[in-house]
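In what follows, a single structure is set out as structure tokens and then discussed.
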Amino acid sequence: MRSKIISLFSIISIGLLLVVYFNSIKKNGISFTERPNILFIMSDDHAEGAISAYGSELIHTPNIDRIAKEGIIFNNSFVTNSICAPSRAVLLTGKYSHINGVLDNGQVFDGGQETFPKILQSAGYETAMIGKWHLKSEPTGFNYWKILQGQGEYYNPLIIDNAGERNVEGYVTDIITDLAIETLENRDKDKPFAMLLHHKAPHRNWMPNLKYLGAFKGKKFPLPETFYDDYSTRSLAAKESDMRIDDMFLTWDMKLKPGDIDQETGSGGSGQVSGMIRDSYREWMNDEQRKIWETYYDSISADFRNTNLSGKALLEWKFQRYMEDYLGVILSVDENIGRILEYLDQEGLTENTIVIYTSDQGFYLGEHGWFDKRFMYEESLSMPLLMRYPKEIKAGQISDDIVLNLDFAPTFLDYADISTSNDMQGQSLRLITKGKQPLDWRKSMYYHYYEYPQGWHFVKRHYGIRTDRYKLIHFYNDINDWELFDLKLDPTEMENRFNDPAYQEIKSQLILQLDSIRVAVGESH
Ligand code: CA
């Protein structure tokens, strides 16, 4: 009898202890083990046109594609201001550039403002930022951060954290992935994690890993159909920008030896770049790396000297060289996404981790004769977006909803079951990822680019609205010009219909819609 009482007492005690234990790991009514981890992978300047899940025929990206195959891919994912630092500030705050204060690459991010990593951290997430930060101020809201300085280096990059800085030997995309895996290894496993893993790649000047030099050599890439665009129906903004493939530098972009060229052909950027000959980026390499690098590029340089190209042949040769290096850099991005997905598999984290792949904005791969971004035209307005979360997102979904980089912050807070801060301007994607259509989902998006006349590439200031079918853009500052495109009939945006009599009614409607969206986002009163 006595032993029965003791064992009953023991069972009750153990039960009570278990209740106390499980309550102790609960917050906001949800246990930490139930809240999803978040792995947000963002590269820099990766065009949808260079991802096979988006139908690219330039490159095969099986690891990036895996995220879409096991989750959802967004066909209409856009950036609100197509340039590096502003896109990152929108990501963190869920607010447009004119509210978060980073209008262009010259401005410093105010780290005192509210961001989603800060909110997740105070709700019990372990937060980390690894890779390219590019916001000038020190990261805030992270338990751990390890970042590149500014744009960062492709080889043996300087890595900065709160303990100081050091050079890490190797190739930047591998190193950022190593640091991410090391941080995940050492994390507090009783907490969910939210990690921002930001690659430098494939940013200009496109330096591939040594093992991928020559991976695309000899392949003939087709010229985009708009390669020889003469901008005849557009405002002066397209013609006067400085981002044509013709404007690329033979030394810095094409990596030729200064002695092998008669004169530098490019202007692509600004006056500051003229001093950036190829020695300025090779200085980060060690002797062994430099030897392999020089063997490869010196032979291209010698061929160039011997063939003596000019005019159209030179321009098309530049395009081929651009594609070889840009896509070579992406081979490492895809390989390293494969590594991190495999790590999640091995650790049993796949099921409960939301994985996102995106880029800070799109990029031109020769369309309209360009490289770079900035314009509201489709190639640079679009951001790739693929998401996987096996627990909640059904595999193999495709969304055509208009989604924005403004939506990331509210989405993560929604998944973490934290009610969204009222002043965030994006909307959670959670319902869409469940295959549902939210009733009040946006039917159009607002865009505004500000970096002119300062900065690179001389793309004039402009703002505009894009609906599922039309796009209206107003270029201002030192011009006052409008462009209107019918994306259904003219998906490559070659015909400006602003003065076309057949479009006057839709034009008036779009002008009204643009006025009202500007008021709604707080940019006009
Ligand atoms: Ca970028």
### Query
Out of all the residues in segment 59-105, which are within 16 Å of the ligand (Cβ to nearest atom) and outside any helix (DSSP H, G or I)?
Ser77, Phe78, Val79, Thr80, Asn81, Ser82, Ile83, Val102, Leu103, Asp104, Asn105
#### Entry: Residue among Leu256, Leu223 that alone is in contact with a Phe, Trp or Tyr (Cβ under 7 Å, 6 or more places away or on another chain) and under 30 Å from Glu288 (Cα atoms)
Leu256
### Task
Of all residues in segment 36-58, count the ones that are part of a strand (DSSP E or B), within 16 Å of the ligand (Cβ to nearest atom) and out of contact with any Phe, Trp or Tyr (no Cβ under 6 Å at 6 or more places or on another chain).
3
### Task
Take segment 281-309 and flag every residue that is polar (S, T, N, Q), surrounded by 13 or more Cβ atoms within 10 Å (Cβ to Cβ) and under 18 Å from Gly170 (Cβ atoms).
Gln289
### segment 506-525 - residue that is over 20 Å from Thr80 (Cβ atoms) and polar (S, T, N, Q) and, of those, most open to solvent (accessible area, probe 1.4 Å)
Gln509
### Query
Here are Gln320, Gln263: which of them is more than 26 Å from Glu451 (Cα to Cα) and at pLDDT 95 or above?
Gln320
### Query
Is there any pair linking a residue in segment 360-386 that is on the phi > 0 side of the Ramachandran plot to one that is β-branched (Val, Ile, Thr) and more than 10 Å from the ligand (Cβ to nearest atom), with Cβ under 9 Å and at least six apart or on different chains, and which?
Gly366/Thr226; Gly366/Ile245; His368/Thr226; His368/Thr492; Gly369/Thr226; Gly369/Ile245; Asp372/Val459; Arg374/Val459
### Residues that are under 19 Å from the mean Cα position of the chain (by Cα) and either of a type in the set (Gly, Ala, Ser) or outside any loop (DSSP other than H, G, I, E, B) (or both), drawn from segment 407-434
Asp407, Phe408, Ala409, Pro410, Thr411, Phe412, Gly426, Ser428
### Candidate set from segment 334-381 (those that are away from the ligand (no atom under 13 Å from the Cβ) and of a type in the set (Gly, Ala, Ser)); member that is nearest to Ala68 (Cα to Cα)
Gly338
### Message
If I filter segment 407-428 down to residues being of a type in the set (Gly, Ala, Ser) and open to solvent by 10 Å² or more (accessible area, probe 1.4 Å), which single residue comes out as nearest to Arg35 (Cα to Cα)?
### Response
Ser419
### Task
Would you check which residues across segment 219-252 are open to solvent by 50 Å² or more (accessible area, probe 1.4 Å) and either of a type in the set (Val, Ile, Thr) or farther than 24 Å from Ile479 by Cα (or both) and list them?
Lys219, Lys220, Pro222, Leu223, Glu225, Tyr228, Asp246
### Task
Just name the residue that is nearest to Asp110 (Cα to Cα) out of those in segment 159-183 that are open to solvent by 20 Å² or more (accessible area, probe 1.4 Å) and of a type in the set (A, V, I, L, M).
Ile160
### Query
Does Leu197 satisfy the condition of being assigned by TED's automatic domain parsing to the domain that holds Met42 and under 21 Å from Phe363 (Cα atoms)?
yes
### Message
So for segment 296-312 (the condition being within 16 Å of the ligand (Cβ to nearest atom), of a type outside the set (Ser, Thr, Tyr) and modelled with pLDDT of 95 or more), does at least one residue qualify?
### Response
no
#### Entry: Enumeration of residues in segment 426-476 that are under 25 Å from Phe408 (Cα atoms) and among the charged types (D, E, K, R)
Arg430, Lys434, Lys436, Asp440, Arg442, Lys443, Glu451, Arg466, Asp468, Arg469, Lys471
### Query
Taking strands (runs of 3 or more DSSP E) that do not extend beyond segment 108-175, which have at least 2 residues that are in contact (Cβ under 8 Å) with a residue 60 or more places away in the chain and within 19 Å of Gly94 (Cα to Cα)?
126-131
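The values are calculated or read from the model by the stated rules, or taken from the named source; none is laboratory data. Bear in mind that the values here come from a model prediction, so they are computed numbers and not experimental data. Cβ: placed from backbone, ideal geometry, glycine included. Neighbour counts: every protein chain shown. To get the accessible areas, we keep the full protein, side chains included, count just its heavy atoms, and leave off ligands, DNA and RNA. Shrake-Rupley method; radii C 1.70, N 1.55, O 1.52, S 1.80 Å.
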